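The values are calculated or read from the model by the stated rules, or taken from the named source; none is laboratory data. Keep in mind that what you see is a predicted model, and the values were worked out from it rather than measured. All Cβ positions, glycine included, derive from the backbone under ideal geometry; neighbour counts span all protein chains shown. Ligands, DNA and RNA are stripped out before the accessible areas are found, and what is left, the full protein with its side chains, is counted by its heavy atoms. Shrake-Rupley method; radii C 1.70, N 1.55, O 1.52, S 1.80 Å.
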Amino acid sequence: MTTQTMGVTFSYSHTIGRLDNAGPSFRNPVAMALGPDDLMYVVSRSQEYRPDCLRVTICTVGEEYIGQFARGSNGVGEWFSAEARLAWPSSIALDSVGNVYVTDEWFNTVSIYTKDGEFISDWGTPGSGDGEIDGPSGIHFDGEDNVYLVDAKNNRIQKFTKDGKFLAKWGQEGSGDGEFNMPWGIDVDRSGDVYVVDWRNDRIQKFSPDGQFLMKFGTSGTGDGEFNRPSDVAVDKEGIIYVADRSNNRLQVFDAGGGFITKLTGDATISQWGALQLDANPDKWKQRDVAHGLERQKLFIGPTAVEVDDKGRVFVVECSGHSRIQIYRKIGPSFLGLYDGARL
């Protein structure tokens with residue numbers, strides 16, 4: 001008797017989000033982080049000089065809206081307070097006690113908030129020296145609560161304590177192994193290895209915790225396993241790798257060695273938040289019934305970030321157009337017994 005293995009597949013679950021400046025909504029979301037009890041922290045790029053434009057939305061996977069924090073300016077280019085300022089937020093992560101860390105490309109800072117959104121402190125100095133930052137993008141914690149930060153315009157990864165003390169760095173501009181051209185997203189697997197999205201080189205690179213190059217995969221293009229400006233990476237507990245292939249409008253899935261498994265292109269339905277907005281004006285439901293090309297709304301437009309959890313759920317953040325998150329469930333490999341070519 002032999003055994004046949006069927007591949008990993010995914011089942012669409014639901015969509016969260018609608019486009020708005022405040023309330024149960026996102027506005028150009030660029031990243032998210034998962035907290036305890038199915039909490040989600042979603043950071044929106046929003047608009048720099050609108051006082052009503054949200055920055056971080058707190059909600060649950062079940063679409064319960066909890067609140068928002070860290071709004072922008074007062075509308076004339078002055079910030080409400082130094083503590084509140086987020087102009088170009090780019091990524092978000094939680095430390096081991098649930099504090100929220102948000103990177104900002106404008107100020108070259110990492111701002112820290114409690115799990116409820118109260119400001120704690122920030123750190124970061126613009127520049128190119130050790131511990132200085134130019135265009136921070138992805139951020140992720142390791143198992144010891146240290147921070148890996150993608151220092152995009154300096155084309156390197158830096159490692160800090162969570163209060164901003166410089167520990168290490170690696171990388172420089174280029175296309176060779178261990179070099180970067182505007183890196184963006186980052187993740188750390190259960191072994192502590194670090195995965196970096198090398199945005200302009202259209203590839204993923206993997207490193208040891210101390211920055212030693214381990215492997216790479218991906219080239220420029222539109223075929224399976226090729227990328228067009230990928231923006232984020234996530235690795236699940238089984239070593240499956242997920243890449244937000246932004247300009248190809250898809251999510252690609254790879255095995256632990258970088259071999260292509262499958263791709264997702266979007267299956268969105270109307271979120272509960274969106275339905276509430278439509279219910280407020282029933283004519284909008286009627287307009288949808290006769291609209292042409294409505295099926296295209298289910299497809300990804302600019303998937304910017306991806307997150308996974310230990311429950312096998314995959315979260316795909318769409319920044320462009322829809323301002324939403326599509327959620328999938330991973331269905332693991334199945335094993336079929338065979339006898340004389342016939343399935344038992």
(request) Name every residue in segment 231-264 that is among the acidic types (Asp, Glu) and open to solvent by 60 Å² or more (accessible area, probe 1.4 Å), in order of residue number. (result) Glu238, Asp255
(request) Would you check which residues across segment 117-133 are more than 23 Å from the chain's Cα centre (by Cα) and either aromatic (Phe, Trp, Tyr) or outside any strand (DSSP E or B) (or both) and list them? (result) Gly127, Ser128, Gly129, Asp130, Gly131
(message) Return the pair list, or none, for Cβ contacts closer than 6 Å from residues in segment 159-187 that are under 16 Å from Asp134 (Cβ atoms) and open to solvent by 40 Å² or more (accessible area, probe 1.4 Å) to residues that are of a type in the set (Asp, Glu) and modelled with pLDDT of 95 or more, at least 6 apart or on different chains.
(response) Phe166/Asp130; Gln172/Glu179
(request) Scan segment 11-26 and report the pairs whose first residue is on the phi < 0 side of the Ramachandran plot and whose second residue is of a type in the set (Gly, Ala, Ser) and assigned to a strand (DSSP E or B), with Cβ atoms within less than 8 Å and a gap of 6+ or a chain change. (result) Phe26/Ser44
(request) Can you give me the number of residues within segment 140-150 that are out of contact with any Gly (no Cβ under 7 Å at 6 or more places or on another chain) and closer than 18 Å to Asp130 by Cα? (result) 4
(request) Please verify whether segment 31-45 includes one or more residues that are in a loop (DSSP other than H, G, I, E, B), of a type outside the set (Ser, Thr, Tyr), more than 23 Å from Gly274 (Cβ to Cβ) and modelled with pLDDT of 85 or more. (result) yes
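Take segment 134-154 and flag every residue that is open to solvent by less than 10 Å² (accessible area, probe 1.4 Å) and part of a strand (DSSP E or B).
Scanning segment 134-154 gives Pro136, Ser137, Gly138, Ile139, Val147, Tyr148, Leu149, Val150, Asp151.
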(message) Looking for something of a type in the set (A, V, I, L, M) and either crowded, with 18+ Cβ neighbours inside 10 Å or closer than 25 Å to Leu34 by Cβ (or both) - is there at least one such residue anywhere in segment 210-230?
(response) no
(message) Let me spell it out: the conditions are (1) modelled with pLDDT under 95; (2) open to solvent by 40 Å² or more (accessible area, probe 1.4 Å), and Tyr65 meets all of them except one. Which number is the exception?
(response) (1)
(request) Filter segment 91-108 down to the residues that are at pLDDT 95 or above and in a strand (DSSP E or B), then identify the one that is surrounded by the most Cβ atoms within 10 Å (Cβ to Cβ). (result) Thr103
(message) Where the second residue is open to solvent by less than 60 Å² (accessible area, probe 1.4 Å) and assigned to a loop (DSSP other than H, G, I, E, B) and the first is at positive phi and free of Cβ contacts under 8 Å to residues at least 60 places away in the same chain and lies in segment 253-269, which pairs have Cβ atoms under 9 Å and are six or more apart or on separate chains?
(response) Gly258/Gly218; Gly258/Gly225
